[in-house]
Structure formats: C-alpha cells, structure tokens
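The values are calculated or read from the model by the stated rules, or taken from the named source; none is laboratory data. All values reported here derive from a predicted model rather than from experimental measurement. In this analysis, Cβ positions are derived from the backbone assuming ideal geometry, glycine residues included, and neighbour counts consider all displayed protein chains.
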Amino acid sequence: MACLLRAFWAVSAAVLLSALWGTVAGDRLLVVPQDGSHWLSMKDIVVRLSEKGHEIVVVAPEINLLLTESKYYTRKIYPVPYDQEELEGRYRSFGRNHFSERWLLNAAQVEYRNNMIVINMYFLTCQSLLRDAATLSFLREAKFDALFTDPALPCGVILAEYLGLPSVYLFRGFPCSLENTFTRTPSPTSYVPRYYTAFSDRMTFPQRVANFLTRILENILLDLLYTKYEDLARDILKIEVDLPALYRKADIWLMRYDFVFEFPRPVMPNMVFIGGTNCKKVGILSQAPLPMLAGLLLCLCVVVPWAEGGKVLVVPMEGSHWLSMRKAVQELHARGHQAVVLSPEVNMHIKAEDFFTVKSYATPYTQDEFDDLMVRHLHLLFEKANFLTMFWTTMVSLKKVFLMFERSCEELLNNKDLIRDLNASSFDVVLTDPVYPCGAVLAKYLSIPAVFFLRSLPCDIDFEGTACPNPFSYVPRLLTMNSDHMTFFQRVKNMLYPLALKYICHVFVTPYAQMASKLLQREVSLVDVLSSASVWLFRGDFVMDYPRPVMPNMVFIGGINCANRKPLSQEFEAYVNASGEHGIVVFSLGSMVSEIPEQKAMEIADALGKIPQTVLWRYTGPAPPNLAKNTKLVKWLPQNDLLGHPKARAFITHSGSHGIYEGICNGVPMVMMPLFGDQMDNAKRMETRGAGVTLNVLEMTSKDLENALNTVIKDKSYKENIMRLSSLHKDRPIEPLDLAVFWVEFVMRHKGAPHLRPAAHDLTWYQYHSLDVIGFLLAVGLTVVFIAFKCCVFAYRKCFGKKGRVKKSHKSKTH
C-alpha cells in the first residue's frame with residue numbers, strides 16, 4: 001500500500017511538470033541533473049514524462065557515473081577537464097574520509113575539506129557546460145518549454161536564467177537548510193531543526209541555543225559554497241547576480257520527502273512533497289505458492305469481517321457555510337460512511353436529507369426571533385451613515401447575532417443526554433466549521449479526531465490555531481482589503497488592524513473559551529481547543545488567494561462547490577435562448593441576501609435596463625417600479641449552471657467564496673458588490689488579478705453599475721484574465737471534493753494525523769520566538785565583554801598604574 005502511494009506521488013510529480021508548460025504531448029523539456037544517487041529519483045520522473053509523450057533532452061558530462069543512455073531521452077554530451085579514473089578516485093576518497101578518525105575541534109574542518117573534494121568537481125563540470133559555446137548554441141536553438149534540474153548546485157539554475165525558461169527543482173535538501181533562505185520559507189529555530197544538528201523538533205534549551213547559532217552560520221556557508229558560482233553566473237549572464245534571487249525564480253520545488261519522514265514545519269505553496277518516488281512497483285510473485293495463498297485468502301475471508309464505513313459527526317455552521325460542507329457529507333455517504341449532523345432546532349438551511357441523520361437540540365429562541373434578527377442585521381448593510389455610527393450599529397448587531405450562536409452552543413454542551421448518546425456512538429471523526437467553535441469543543445471533550453472545514457477565521461485565530469507563520473510584510477490580514485504587494489502605509493495598516501481587532505474578537509471568543517473550560521474541567525483558551533485539529537480543510541486555493549506560508553496539516557479545497565454543470569430547466573433555458581447574441585448576466589447577492597431597500601433596488605434596476613444583455617436576478621422583494629423588460633426576477637436560480645452556459649457574459653456577485661469560485665470555474669468576469677466579512681478581501685483578490693470590478697454598494701450610482709458591467713463585458717482583458725484563472729484552477733491532479741473526502745477518510749483510518757501537528761503548539765510564545773535563547777546569548781555576550789573589559793582595566797593598572805603612583809610619590813617628597 002505504501003509503495004502504491006509513492007507511485008501516486010511519482011505520477012503527481014509528472015502531472016505537475018506537465019501542467020507547468022502545458023498538457024499537450026510533445027512539449028520539450030531540458031533536464032540538467034546532478035550525477036550520482038540524485039539522478040536515480042529524477043530518472044523515474046523523466047521516464048514517466050517521456051511515456052506521456054514529452055520530448056526530453058538530458059545534458060550530461062562526457063565523464064559521469066550514472067547518466068547513461070536511454071530510450072526515454074536524448075543525451076546531449078559536453079566535454080569536461082577530467083577522466084573517468086579521476087572522477088571515480090575523487091568519489092572513493094570522499095567515501096573513505098567519512099571513516100577517518102576525527103577529534104572535536106577539527107571535525108568541521110575535516111567535513112568541509114571532504115565535501116569540497118566533490119563540490120570542486122561539480123564546479124568544474126558546471127563551468128565546462130556554461131562555457132561550452134557549441135552546447136549553449138544547441139540549447140538556445142532547441143526552443144525548450146521548461147527546465148528540470150536538481151538545484152543542490154546551481155548550474156541548472158543559471159542555465160534556466162540564461163535561456164529564459166520556467167524551471168522545476170527536484171531535490172532532497174541544501175546544506176544547512178539553505179532552501180529556507182531560497183524559498184523565503186519561515187523556519188523558526190525554536191522547533192525547525194537545522195541540517196547536520198541531529199536534533200528533533202522537540203529540543204531542549206541547549207539544543208535550541210545550538211540550533212539558533214547554526215542558523216546564523218548558514219549565511220557564511222552560503223558564501224563558502226556558492227561564491228564561485230556567482231562569479232560564473234556574472235560571466236555568463238553579463239549582469240550583476242545575486243544567487244539567492246536566481247533560486248527564487250523557480251516555479252515549482254519538488255521535495256523528495258514528506259511529513260511521515262520529516263518533522264512538520266512551515267512550507268510555501270510552490271513546494272510539493274513527493275517523498276518515496278523511488279519506491280518501485282512490486283514485482284509479480286512466483287506461481288509456486290499460489291494454492292497455499294488461495295487457501296490463506298479463503299481463511300481470511302471467513303475469519304476477518306468485511307470492512308464497514310466509518311461514522312462521521314458533523315457540527316456545521318449556519319448559512320452559506322453549510323452549503324459546501326453539505327457536498328462533502330453527501331460524498332462521504334456515497335462512499336459508505338454514516339453521517340450524523342448536529343443541528344439546532346431553529347436554523348436557516350440545515351434540513352433532513354436521505355444521506356445523513358439529523359440530531360436536533362433545543363435553542364433558547366424561536367424561528368421568528370432568529371429570522372427577524374438576521375433580516376435586521378442584513379438591512380444595516382445598506383444603510384448609509386458616518387463611520388463611527390456605522391461601526392457602532394454593526395458591532396451592536398453582530399454582538400446580538402453572536403450571542404444567539406453562543407446560546408445555541410451552550411444549549412448543546414449542556415445537553416447531557418445528547419452528549420452521552422454521542423459518546424456511546426463511537427464516532428471516528430468530527431467534521432466541523434470552527435467559525436462556530438462548538439464542534440471543536442465537542443470533539444475535544446469526546447476525544448474524537450477533528451477535521452475543520454472553513455474559509456478563514458477572524459483576528460488571525462486560524463494562524464494561531466495552526467501555528468502558521470504570517471509575516472505582516474506580505475500576508476494581508478482579513479478585512480484590510482490589502483493585496484500581497486503593499487505600500488508602506490498599507491503595511492502599517494496591516495500590522496495595526498489585527499491588533500485593534502484583538503479586543504473586539506476577545507469579546508466574541510471569550511464565551512466559547514469559558515464554555516470549553518467548564519466542559520473540560522480545566523482552563524483552556526480557544527486557540528488551545530483549535531490547535532488539536534488533525535486537518536484543516538480551507539475553502540480556498542492559490543489561484544484566488546495570495547501565496548503565503550502554510551503548515552502540513554492545511555489542505556486547500558477551493559472550488560469544492562463547483563459542481564458539474566447540469567442542463568437548465570425549460571424556464572431558464574427559455575430565458576437564455578431569448579437573450580440572443582448579447583447573452584445573459586447572472587445577478588445574485590448570495591443565499592442570505594435576497595431583497596434590498598427599495599431605493600437601492602431602483603438604482604440597480606435602472607442600470608440593468610441600460611445594457612443589452614438579459615439579466616437573471618435572484619430577488620424576493622417587491623419588484624422595483626422601474627424594472628426593465630430585459631431583467632427577470634426569480635426567487636431562486638441555478639447559479640453554477642447558468643454561469644457555465646456559453647452565453648453567460650458577466651456575473652454580479654456579493655463576492656462570497658462560493659460565488660467567486662463558481663465565477664472562476666466557469667470563466668465569467670465579475671462585477672463585485674461586497675457586503676460583509678471576507679467578501680471585501682475576496683473582491684480585492686479578483687480585482688488585483690484583473691478578473692472583475694469592485695463597487696461600493698452604499699456609494700455606487702446607477703451609472704457606476706452600468707459602466708462596470710460594460711467594462712467587464714466589452715474589455716476583453718477581463719475575460720482573458722478570468723479564463724486564465726479558470727485554467728489554472730482546473731489544472732490539478734485531484735478534484736477539491738475528492739481531496740476533502742480523502743483527508744476525512746485519512747483521519748478516520750489513522751485515528752488522527754499527529755505526524756502533521758507541529759511542535760510549535762507545545763512551545764510558549766517566548767520559546768516560539770526564541771526570546772529565551774536570544775536573551776541567554778545576549779547575557780553571555782555581555783558577560784564576556786564585561787569580563788574582557790575588566791581584564792583590560794586590570795592589566796592596564798598593573799602595567800601603568802604603579803609607575804604613575806611612584807612618580808606622584810616622588811614628586812611629593814621633593815616638595
């Protein structure tokens with residue numbers, strides 16, 4: 001089974017490489033390998049790419065160890081200034097020296113000299129390639145589509161820059177963790193051990209001190225190893241070269257390990273883990289013992305019962321959050337699992353269906369009270385007021401909404417009979433949305449592994465719950481509406497904004513922490529509860545979101561709500577066909593907003609009446625008096641099916657993640673009118689990528705909406721950009737829904753995923769930031785300086801102080 005999984009990752013690596021420059025067979029790939037054992041893993045991927053129809057050229061020195069000819073690729077040989085005997089002799093010397101005796105003070109020196117035996121050989125090889133005019137001329141004229149290289153030594157890195165090719169790196173790791181420097185991956189020394197330290201991710205204080213000092217020395221090692229390559233690159237590229245900057249131009253980093261083997265740590269989105277690609281397919285067994293094997297299988301069938309599906313406890317969040325989770329629950333049911341959904345008696349969308357069982361619990365409010373509160377809260381979004389008034393009324397309204405959810409959670413956690421029943425049911429996993437933390441608290445109390453299903457959490461709680469680094473300099477905070485390329489003042493805002501929101505969030509999350517502490521009978525914070533999650537399923541991806549550090553237990557399933565397009569009903573098919581050559585515009589403000597104030601509705605209707613397209617508007621309020629003939633009001637519309645129709649020209653959306661992803665999946669440019677929550681940030685992301693136009697729903701006029709629609713429909717760049725995003729989003733080895741279900745089943749099979757949980761969760765805040773290590777080193781440094789200063793003063797007094805006193809004494813006697 002393990003090797004089958006490894007084979008899957010080998011295929012995934014080949015798929016990723018293919019996706020980088022296209023999916024059409026016949027693309028050309030240039031391979032710049034490193035000789036020795038590194039080539040063995042790379043060769044497996046090269047063979048798979050060749051089998052997929054790609055043309056492969058491998059550049060190889062004429063004197064080598066393992067870079068032999070093959071039917072799967074063409075070798076391009078270049079001369080080198082050494083012979084086979086010298087090459088093999090250097091490797092033998094390198095191997096023998098590892099067994100030589102060393103003593104403590106010269107161990108590093110011996111290791112450095114030993115490595116330089118091989119490194120100098122590789123530099124000669126690289127120099128020969130980059131200064132061979134015939135080879136470079138051939139490579140320029142060959143018109144390759146991408147370059148595939150092992151970046152342990154930077155010959156391929158320099159060549160990719162020289163030829164202007166996108167590059168994919170395959171490697172195990174750099175000396176002293178230099179990949180963290182090259183990829184800009186945060187690597188806290190408090191729990192990320194450096195290479196050659198032989199530490200685990202749970203270090204003692206002295207080990208963390210040594211790890212910290214090793215990190216400082218890495219830059220020195222970078223200069224020792226790569227200075228000659230920088231000089232060579234300057235000579236070849238004819239420009240000033242910063243080697244780390246060249247490395248950062250890599251498109252994909254294929255890492256030959258995974259987090260079964262490695263300790264969990266932060267990674268970047270373009271780092272793909274393919275540990276085990278070298279596991280060969282299991283061979284066919286000898287036919288001799290087949291009768292005995294058949295008998296054994298028969299016994300197993302009799303003795304071992306057939307495997308049954310698992311049991312999933314689902315604790316959802318109300319509103320649109322449930323709609324995506326519902327698809328995952330439905331797919332889990334289709335794969336043989338039993339799902340039980342905990343639902344408050346009073347809710348919006350959670351209704352009994354045949355693919356799950358509902359267990360309801362009482363709420364201290366009625367359906368009318370709930371509906372009235374939600375309507376009044378949504379109406380506030382369309383009321384114009386000054387900032388302070390708007391802020392205060394919104395906070396008061398939000399407090400009432402959150403109070404209602406808190407009371408619902410309290411009812412659930414105090415329902416002893418229900419909890420006793422859940423405990424006796426022996427669930428295998430809890431699937432919950434941590435925006436409503438009640439599910440996380442319940443999973444902690446029942447000691448059931450939890451899978452979180454979410455878009456994001458306010459006030460950086462998701463970053464804290466995953467122990468994920470989040471640099472203020474390029475990771476925009478929720479509600480800031482910043483991109484990842486911020487001005488100085490935007491970075492100031494990005495740092496101050498979450499600090500200001502901490503107090504507000506404290507008001508909302510404290511009741512859940514108190515409920516958790518009461519139920520668990522020990523003092524816990526909400527972050528303590530959230531940090532116990534096995535896997536976090538985020539309803540986003542890096543087509544929509546900006547690249548940032550992530551943790552190994554964070555999985556991205558953006559677009560899970562994009563179902564396959566179904567045929568339209570006769571009613572909607574008639575609307576679409578009647579639109580003629582101008583096509584349709586789809587207009588929906590989401591599942592929670594189906595009517596708006598009359599004046600705003602009239603402004604919108606006026607704008608929609610001035611475009612030639614037919615507009616299908618999901619709206620349940622009174623029809624605006626000025627509604628034009630081209631605008632059809634419907635109480636419900638098949639949004640994804642309409643957006644998938646060839647006649648869809650634009651999509652007016654409130655920028656909820658469901659709508660945004662349906663726009664991306666179907667390649668429809670958007671006019672975005674964000675209303676609350678993360679919708680402003682979602683709109684900013686699409687606007688930054690040139691896929692839509694954002695309007696302020698309170699400030700916009702009829703003319704603004706008309707102009708925005710004409711812009712996204714008539715300006716071809718918007719269609720081109722959204723189609724590019726759609727192509728990127730769809731080009732993946734596994735569908736988001738299948739990926740989500742896989743990880744839920746993974747947690748069920750393995751009773752959690754403790755190997756993905758970083759050691760950062762077990763550190764205090766000052767240990768995490770190495771403040772105790774820094775303080776200790778400062779104290780040692782100051783002590784050394786103080787002692788040195790005192791020694792100098794003492795020596796000075798001994799040498800010069802006595803002579804001065806003698807002269808002074810002699811002078812006094814003269815007088």
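Go through region 381-422 and give me each residue that's of a type in the set (A, V, I, L, M), under 22 Å from Lys600 (Cα atoms) and either crowded, with 17+ Cβ neighbours inside 10 Å or in contact with a strand residue (DSSP E or B) (Cβ under 7 Å, 6 or more places away or on another chain) (or both).
First, the residues of region 381-422 that are of a type in the set (A, V, I, L, M): 381, 385, 388, 390, 395-396, 398, 401, 403-404, 412-413, 418-419, 422.
Still in the list and also under 22 Å from Lys600 (Cα atoms): 381, 385, 390.
If the condition is that a residue be of a type in the set (A, V, I, L, M), under 22 Å from Lys600 (Cα atoms) and either crowded, with 17+ Cβ neighbours inside 10 Å or in contact with a strand residue (DSSP E or B) (Cβ under 7 Å, 6 or more places away or on another chain) (or both), then Leu381 is the only one that fits.
Matching residues to (1) more than 21 Å from the chain's Cα centre (by Cα); (2) more than 19 Å from Val451 (Cα to Cα); (3) crowded, with 19+ Cβ neighbours inside 10 Å:
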{"residue": "Val712", "(1), (2), (3)": "yes, yes, yes"}
{"residue": "Asp715", "(1), (2), (3)": "yes, yes, no"}
{"residue": "Ser727", "(1), (2), (3)": "no, yes, no"}
{"residue": "His761", "(1), (2), (3)": "no, no, no"}
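Of the residues Arg215, Arg172, Arg208, Arg194, which is of a type in the set (Lys, Arg), within 23 Å of Tyr122 (Cβ to Cβ) and surrounded by 16 or more Cβ atoms within 10 Å (Cβ to Cβ)?
Working: Arg215 fails: within 23 Å of Tyr122 (Cβ to Cβ); Arg172 fails: surrounded by 16 or more Cβ atoms within 10 Å (Cβ to Cβ); Arg208 fails: within 23 Å of Tyr122 (Cβ to Cβ).
Step by step, each of Arg215, Arg172, Arg208, Arg194 is checked, and only Arg194 is of a type in the set (Lys, Arg), within 23 Å of Tyr122 (Cβ to Cβ) and surrounded by 16 or more Cβ atoms within 10 Å (Cβ to Cβ).
Among the residues of region 763-798, write down those that are within 25 Å of Val550 (Cα to Cα) and loosely packed, with under 10 Cβ neighbours inside 10 Å.
Within region 763-798, Trp765 is the sole residue that qualifies.
If you go through region 426-437 one residue at a time, how many are more than 25 Å from the chain's Cα centre (by Cα) and surrounded by 15 or more Cβ atoms within 10 Å (Cβ to Cβ)? Steps first, answer last, please.
Keep residues of region 426-437 that are more than 25 Å from the chain's Cα centre (by Cα), which gives 426-428.
From what is left, the residues that are surrounded by 15 or more Cβ atoms within 10 Å (Cβ to Cβ) are 427-428.
Result for region 426-437: 2.
So which residues in region 184-220 are assigned to a helix (DSSP H, G or I) and modelled with pLDDT under 90, if there are any at all?
Step one: list which residues in region 184-220 are assigned to a helix (DSSP H, G or I), which gives 205-220.
Within region 184-220, Thr214, Arg215, Ile216, Leu217, Glu218, Asn219, Ile220 qualify.
I need the strands (runs of 3 or more DSSP E) fully contained in region 526-590, keeping only those with at least 1 residues that are among the polar types (S, T, N, Q) and outside the structural domain of Glu262 (by TED's automatic domain parsing). Steps first, answer last, please.
On the way: elements: 535-538, 554-556, 584-588.
Filter on region 526-590 gives 584-588.
When residues of region 494-516 are filtered for being without any contact (Cβ under 8 Å) to a residue 24 or more places away in the chain and surrounded by fewer than 17 Cβ atoms within 10 Å (Cβ to Cβ), how many remain? Spell out the reasoning first.
Restricting attention to region 494-516, the residues satisfying the condition of being without any contact (Cβ under 8 Å) to a residue 24 or more places away in the chain are 494-497, 499-500, 503, 506, 510, 513-514.
Next, from what is left, pick out any that are surrounded by fewer than 17 Cβ atoms within 10 Å (Cβ to Cβ): 495-496, 499-500, 503, 506, 510, 514.
Summing the residues that are without any contact (Cβ under 8 Å) to a residue 24 or more places away in the chain and surrounded by fewer than 17 Cβ atoms within 10 Å (Cβ to Cβ) in region 494-516 gives 8.
Of the conditions (1) closer than 30 Å to Lys400 by Cβ; (2) surrounded by 19 or more Cβ atoms within 10 Å (Cβ to Cβ); (3) touching a helix residue (DSSP H, G or I) at 6+ places or on another chain (Cβ under 6 Å), Met551 clears all except one; give me its number.
Single failed check for Met551: (1).
Could you say whether any residue in region 16-25 is more than 29 Å from the chain's Cα centre (by Cα) and modelled with pLDDT under 95?
Residues of region 16-25 more than 29 Å from the chain's Cα centre (by Cα): 25.
After this cut, where a residue has to be modelled with pLDDT under 95 as well, the list is 25.
Yes - at least one qualifying residue is present in region 16-25.
Which residues, taken from region 314-338, are in a helix (DSSP H, G or I) and more than 16 Å from Met348 (Cα to Cα)?
Going residue by residue through region 314-338, those that are in a helix (DSSP H, G or I) are 321-334.
Lys327, Ala328, Val329, Gln330, Glu331, Leu332, His333, Ala334 - these are the residues of region 314-338 that are in a helix (DSSP H, G or I) and more than 16 Å from Met348 (Cα to Cα).
Would you check if there is a residue in region 723-736 being under 28 Å from Val260 (Cβ atoms) and of a type in the set (A, V, I, L, M, F, W, C)?
Yes, region 723-736 has at least one match.
For region 26-74, give me each residue that is in a helix (DSSP H, G or I) and of a type outside the set (Val, Ile, Thr).
If the condition is that a residue be in a helix (DSSP H, G or I) and of a type outside the set (Val, Ile, Thr), then His38, Trp39, Leu40, Ser41, Met42, Lys43, Asp44, Arg48, Leu49, Ser50, Glu51 are the ones that fit.
Would you mind stating whether Lys493 is closer than 18 Å to Leu398 by Cβ, charged (D, E, K, R) and in a helix (DSSP H, G or I)?
Details: closer than 18 Å to Leu398 by Cβ: no; charged (D, E, K, R): yes; in a helix (DSSP H, G or I): yes.
So Lys493 does not fit the description; no.
What number goes with the only condition from (1) at pLDDT below 95; (2) farther than 28 Å from Val555 by Cα; (3) among the acidic types (Asp, Glu) that Asp762 does not pass?
Just one mismatch for Asp762, condition (2).
Checking Ile652 against (1) closer than 24 Å to Leu378 by Cα; (2) at pLDDT below 95, only one condition comes out false. Which one?
(2)
Could you tell me how many of the residues in region 75-100 are farther than 14 Å from Thr125 by Cβ, at pLDDT 85 or above and part of a helix (DSSP H, G or I)?
Here the count works out to 1.
Can you pull out the residues in region 613-647 that are surrounded by fewer than 13 Cβ atoms within 10 Å (Cβ to Cβ) and of a type outside the set (Val, Ile, Thr)? Working first, answer last.
Taking region 613-647 as the starting set, the residues that turn out to be surrounded by fewer than 13 Cβ atoms within 10 Å (Cβ to Cβ) are 620-623, 625, 629, 635-636, 646.
Within region 613-647, Gly621, Pro622, Ala623, Pro625, Lys629, Lys635, Trp636, Pro646 meet the criteria.
Check whether at least one residue in region 690-706 is touching a helix residue (DSSP H, G or I) at 6+ places or on another chain (Cβ under 8 Å), exposed (fewer than 15 other Cβ atoms within 10 Å of the Cβ), outside the structural domain of Tyr191 (by TED's automatic domain parsing) and assigned to a helix (DSSP H, G or I), and report yes or no.
yes
Among the residues of region 594-638, which ones are touching a Lys or Arg at 6+ places or on another chain (Cβ under 8 Å) and assigned to a helix (DSSP H, G or I)?
Ala607
Which of the residues belonging to region 690-744 are in contact with a Pro (Cβ under 9 Å, 6 or more places away or on another chain) and of a type in the set (Lys, Arg)?
Within region 690-744, Lys719 is the sole residue that qualifies.
Of Ala339, Ala362, which residue is buried (at least 19 other Cβ atoms within 10 Å of the Cβ), at pLDDT 85 or above and more than 30 Å from Leu695 (Cβ to Cβ)? Talk me through it step by step, then tell me what you get.
On the way: Ala362 fails: buried (at least 19 other Cβ atoms within 10 Å of the Cβ).
It is Ala339.
List the residue pairs whose Cβ atoms are under 6 Å apart, where the first residue sits in region 769-790 and is closer than 27 Å to Glu464 by Cα, the second is among the polar types (S, T, N, Q), and the two are 6 or more positions apart or on different chains.
Ser770/Thr189; Ser770/Ser190
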